[in-house]
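Structure first, commentary second.
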Amino acid sequence: MNEWLEVERGDAPLVVSFPHTGTELPAAIAERLVSPWLACKDADWYVDRLYAIALALGATTVRTRISRTVIDVNRDPSGASLYPGQNTTELCPTRTFDGEPLYREGAEPGAADIAARRAQYFEPYHVALAAELERLRAEHGRVVLYDAHSIRSRVPRLFQGELAHLNLGTNRGASCAPMLRRAVEEACQSPSFTLVTDGRFVGGWTTRHYGCPERDVHAVQMELACRSYLNEPAMPAAGNWPPPFEPARAAPLSQVLQRALTACLNFAHSATGVT
């Protein structure tokens with residue numbers, strides 16, 4: 001197993017993936033970057049800690065410790081845009097969400113570099129993810145993939161205004177059964193948090209690639225606005241971003257997310273009559 005790839009196996013029919021919580025930068029790549037802070041600025045900060053309950057529920061988790069700046073394992077490996085006509089970041093990003101250059105001039109990754117990163121990091125991550133989904137589907141008949149993310153509440157280059165607290169993506173209904181979508185929506189109802197389904201974020205490559213209700217592999221993405229669990233600054237800077245993780249501050253959201261994971265499990269178990 002690759003040291004940067006963390007797979008925690010459970011027996012329940014639920015896989016929770018963390019493609020963007022990593023911050024590790026291989027030395028040969030780090031020396032080409034403008035700064036380590038910029039390279040990690042757009043990480044999904046502390047999201048794996050928000051979902052700590054997943055293992056206790058029996059879920060399997062798959063996480064890469066490598067920064068998305070090295071390669072984004074939630075992008076189409078062909079390089080095709082997931083959101084044609086809208087600003088986004090590439091398979092091997094060259095700019096931050098705010099448009100800042102990540103690499104020193106002339107040091108951006110070329111085609112051979114991108115291919116090498118795909119082989120070294122992208123492919124092993126998805127081999128592991130696919131294997132866990134198939135293992136659990138074979139055992140239970142139905143499995144749910146829950147792709148866990150977060151993003152700053154305001155990123156003008158990517159979307160207008162302020163993002164909802166919870167953003168559920170189902171590839172516009174194509175990646176999961178309607179029953180699962182409704183169950184997660186109901187679980188996320190809270191007077192403290194707003195919810196949008198298939199809004200600005202409908203699911204990345206992982207949700208779209210693996211979600212196949214016809215095979216009883218159901219995939220959803222949850223994109224969290226960072227203000228829902230962090231004291232998010234108006235303007236991120238090296239001195240204030242990321243803010244520290246405060247469990248008490250994040251507890252209300254963690255409770256909602258536990259309900260969401262439980263809803264996924266209940267749906268998966270309903271295929272075999274287990275409740």
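The values are calculated or read from the model by the stated rules, or taken from the named source; none is laboratory data. Since this is a predicted model, take the numbers as computed values, not measurements. Cβ coordinates were reconstructed from backbone atoms using ideal geometry, including for glycine residues, and neighbour counts include every protein chain displayed.
On the stretch given as segment 189-208, residues that are in contact with a helix residue (DSSP H, G or I) (Cβ under 8 Å, 6 or more places away or on another chain) and either buried (at least 21 other Cβ atoms within 10 Å of the Cβ) or among the acidic types (Asp, Glu) (or both) total 1.
When you scan segment 114-173, how many residues do you find that are among the charged types (D, E, K, R) and within 19 Å of MET222 (Cα to Cα)?
Our first condition is that a residue be among the charged types (D, E, K, R); within segment 114-173, this holds for 117-118, 123, 132, 134-135, 137, 139, 142, 147, 152, 154, 157, 162, 172.
Add one more test, that the residue is within 19 Å of MET222 (Cα to Cα), and what stays is 147, 152, 154, 162, 172.
Adding up the residues that qualify gives 5.
Within segment 228-241, the residues that satisfy the criterion of being under 22 Å from PHE201 (Cα atoms) and surrounded by 17 or more Cβ atoms within 10 Å (Cβ to Cβ) are SER228, TYR229, LEU230, GLU232, PRO236. Among the conditions (1) touching a helix residue (DSSP H, G or I) at 6+ places or on another chain (Cβ under 8 Å); (2) modelled with pLDDT under 95; (3) on the phi > 0 side of the Ramachandran plot; (4) not hydrophobic (A, V, I, L, M, F, W, C), ASN2 misses just one, which is (3).
Considering only segment 188-233, state which residues are of a type in the set (Lys, Arg) and under 18 Å from the mean Cα position of the chain (by Cα). Walk me through how you get there before you give the answer.
We begin by selecting, within segment 188-233, every residue of a type in the set (Lys, Arg); these are 200, 208, 215, 227.
Listed by number, the residues that qualify are ARG200, ARG208, ARG227.
Residue check: ASP48 meets all listed conditions (1) out of contact with any strand residue (DSSP E or B) (no Cβ under 8 Å at 6 or more places or on another chain); (2) modelled with pLDDT of 95 or more; (3) acidic (Asp, Glu) but one, namely (1).
If the requirement is being over 15 Å from the mean Cα position of the chain (by Cα) and of a type in the set (A, V, I, L, M, F, W, C), which of these qualifies: ALA43, ALA56, ALA52? Residue meeting the stated conditions: ALA56.
Quick one: would you say ARG142 is touching a strand residue (DSSP E or B) at 6+ places or on another chain (Cβ under 8 Å) and surrounded by fewer than 22 Cβ atoms within 10 Å (Cβ to Cβ)? Steps first, answer last, please.
Details: touching a strand residue (DSSP E or B) at 6+ places or on another chain (Cβ under 8 Å): yes; surrounded by fewer than 22 Cβ atoms within 10 Å (Cβ to Cβ): yes.
For ARG142, the condition - touching a strand residue (DSSP E or B) at 6+ places or on another chain (Cβ under 8 Å) and surrounded by fewer than 22 Cβ atoms within 10 Å (Cβ to Cβ) - is met.
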